[in-house]
1. What pairs from A:Lys108/B:Lys96; A:Lys7/B:Lys120; A:Lys43/A:Lys151; A:Lys11/A:Lys251; A:Lys18/A:Lys251 go past 28 Å between their alpha carbons?
2. Projected onto the charge dipole of the stretch B:44-134 (+1 at Lys/Arg Cβ, -1 at Asp/Glu Cβ, origin at the Cα centre), which of B:Pro62, B:Phe90, B:Phe48 gives the Cα projection farthest towards the positive end?
3. If the only charges are +1 at each Lys and Arg Cβ and -1 at each Asp and Glu Cβ, what is the size of the charge dipole of the stretch A:292-355 around the Cα centre, to the nearest 20 debye?
4. Cross-link candidates for B:Lys72: which lysines have Cα within less than 30 Å, leaving aside residues fewer than 8 places away along the same chain?
5. With +1 on each Lys and Arg Cβ and -1 on each Asp and Glu Cβ, how big is the dipole of the stretch A:4-235 about its Cα centre, in debye rounded to the nearest 20?
6. Kindly state, to the nearest 0.05, the FRET efficiency for B:Tyr26 paired with B:Ile143, given R0 = 56 Å and r defined as their beta-carbon distance.
7. Alpha carbons only, please: Rg and Dmax for the stretch B:2-46, in angstrom.
8. Quick one: work out the % antiparallel among DSSP beta bridges in chain A, nearest 5.
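What follows draws every value from the coordinates through simple rules; no lab data is involved. All of these numbers come straight from a predicted model, not from anything done at the bench. Here Cβ is always computed from backbone atoms with ideal geometry, including for glycine, and neighbour counts include all displayed protein chains.
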Amino acid sequence: MAKVQLKNLEKVYGNAFKAVHGINLEIDDGEFMVFVGPSGCAKSTTLRMVAGLEEISGGEVVIGDRRVNELPPGKRSIAMVFQNYALYPHMKVRGNLAFGLKIAGKPKAEIDAAIERVARILEIEPLLDRLPKQLSGGQAQRVALGRALIKKPGVFLFDEPLSNLDAKLRASMRVRITDLHRQLKAEGLSSTVIYVTHDQTEAMTMGDRICVMQAGHIMQVATPKELYERPANLFVAGFIGSPEMNLIDAKLDGSSFSVGSQSLPIGPHLEGRLSARPAEAVVGTRPQHLSLVADGPAFTAKLANAEFMGHEVYLHADLEGRRVVSVVGAADFETLGRSETIRLRPDLERLHIFDKTDGRNVSL
Amino acid sequence: MTDLTFNDRQAMRRARLSLISTAIRYILLCVVGFVMLYPLIWLVGASFKTNSEIFAGAGFLPENPTADGYIKGWQTSTPYTFGRFFWNSFLIILPKVIGTAISCTLAAYAFARFDFPLKKILFGSVIAILLLPNVVTRIPQYILFRDLGWLDSFLPLWVPSALAGDAFFVFMLVQFLRSLPTDMEEAARVDGANSLQTLIYIVVPMLAPALISVCLFQFMWTMNDFLGPLIYLSSVDKYPVSLALKLSIDTTEAFEWNRILAMSVLTIAPALIVFFAAQRYFIEGISSGGIKG
Ligand SMILES: Nc1ncnc2c1ncn2[C@@H]1O[C@H](COP(=O)(O)OP(=O)(O)O)[C@@H](O)[C@H]1O
Ligand SMILES: [Mg+2]
């Protein structure tokens, strides 16, 4: 069992900079957990504390049922894949794979069999006798993956492993890693994963659950679907989803909400969801949920720009001085979008209302 | 030949010009190189001359080549042959070079990769020692080694270096290590290696070019060191070659220049051989010092 628990985990760097502010998180055995957040939000720091590469300033890390704060990385039953591959430059691929097992004093026959198995899974058999500098980025990352896999660790730690690859390779490696995770799980091997990325697409496509971080705090932990549909606060709402959610300052008054001089009725569904009525509110609507309509209640906006993406069109419009984006079908665009002013209606059932002062979603 | 097009003729003209410019460049390099190397060439040539011929002209080709200088020079005017002095040099150099490599690597690894109390002050003192003129410490060192009873032994010549006493080498390795990414070492730690295993299996191979430079510098400086042996060694049977050369000037009233020159040639031979053998790594090591990264 390789459940990972972070309890009140803190990190203060030598220069007194507090990078991690008391994080609490439980990652189930076999779960694929993604840490996502903008650069500098302490994803790596947190991961490295789990790995044992960074000293823990406060709180504790529990792997399985052992508190590991004082254990060296090699004794924590973890394996790590680094952004820059971190292959040992003077060893052949074979040596890179074997290193951990050799240090552990495993017999040669066992090591050879393990190399064989991992090389087959990752399709790196032809590369076994090459040096790291003779590998392409994708090949090097597969070897790095192999070096983690061969140890049969309880927990895999990934720190932005795909950032150095080109877009196409990244997409295929994404699938390969999730497949591998599923395969390990099916074989009954412990395969908890903590995967760090700054890329929300990677997070959404790979994670069982996602932990969104900002400035050393956890903003929300949830499944991708939940994060997308029920963001807990403004930060998550803005970070997850592409194109970004429209977040517009608004006022709630009585049974309607207004943006600038225009207002729309709140409606019974949204009314029922509201847990508070903040004085200063922000309404959030995803571009996909802001549709182009001919009549009925809607906001009027000035069309600024239309990006044709094939079967859909991204409309950039000016709503009372605020830039909003709407994603509409190409057909709708042809019939309704070819004018200077357009009518945009938010889907009220999927509309979010946030308290502007603390960023909390009051419409969950 | 008349059906050559204009373009062909142009191309030929350009090829000829570039050939000429290459030729000029090479000739110039050869001439300058020859001038720089001439003393060395002359030394080798003159070591095969007779004593009377040495001062007869500046040419380096001996008229009647003779190995007399080598044979007589090897015998020396002492009870020992020159081989004995080479052996002495070797006995000083070997522990010194090996000791330097090991101790400086350990010290540099500690400074570059670990945090420990007083690290800043200790590293500061390494730099301070680097800037300190050597002569300042000669007398205190001499007294210290005298009290230890190490005079007239090889110990004062190599023990300080084998204990990372050469601040320059420590500094050089620290700079090199700082320029190396730490990812591989972290990967090794995750793979279960302890600090010492990480050092031996991961850091040392990456450090190899710099380490080879350190060994070469130490080898050459020790081979050429005159003052150290002069101060600490008093019995002739312990002299290294640098002192032995001087000896042959001291003891003969009429200098046998050809013997001195012959032994000089032998003395520089090991350094030259080692340098050329390791040239590639050597240059790699010093040039990649602080730049990579
Ligand atoms: N060794 C260090 N000393 C001081 N501050 C650091 C150190 N390493 C990282 N930080 C700071 O800690 C914060 C988190 O860094 P990091 O975990 O690398 O972020 P991320 O991986 O999310 O981009 C950043 O603000 C960074 O500047
Ligand atoms: Mg990072």
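1. Checking Cα-Cα distances, A:Lys108/B:Lys96; A:Lys7/B:Lys120; A:Lys11/A:Lys251; A:Lys18/A:Lys251 exceed 28 Å.
2. With unit charges placed on the Cβ atoms, the residue in question is B:Phe90.
3. Dipole of the stretch A:292-355, to the nearest 20 debye: 120 debye.
4. B:Lys72 reaches B:Lys49, B:Lys238, B:Lys246.
5. Charge dipole of the stretch A:4-235: 620 debye, to the nearest 20.
6. Efficiency, rounded to the nearest 0.05: 0.50.
7. In Å, with Rg to one decimal and Dmax whole: 19.0, 59.
8. Counting DSSP beta bridges with both partners in chain A, the antiparallel share is about 75 percent.
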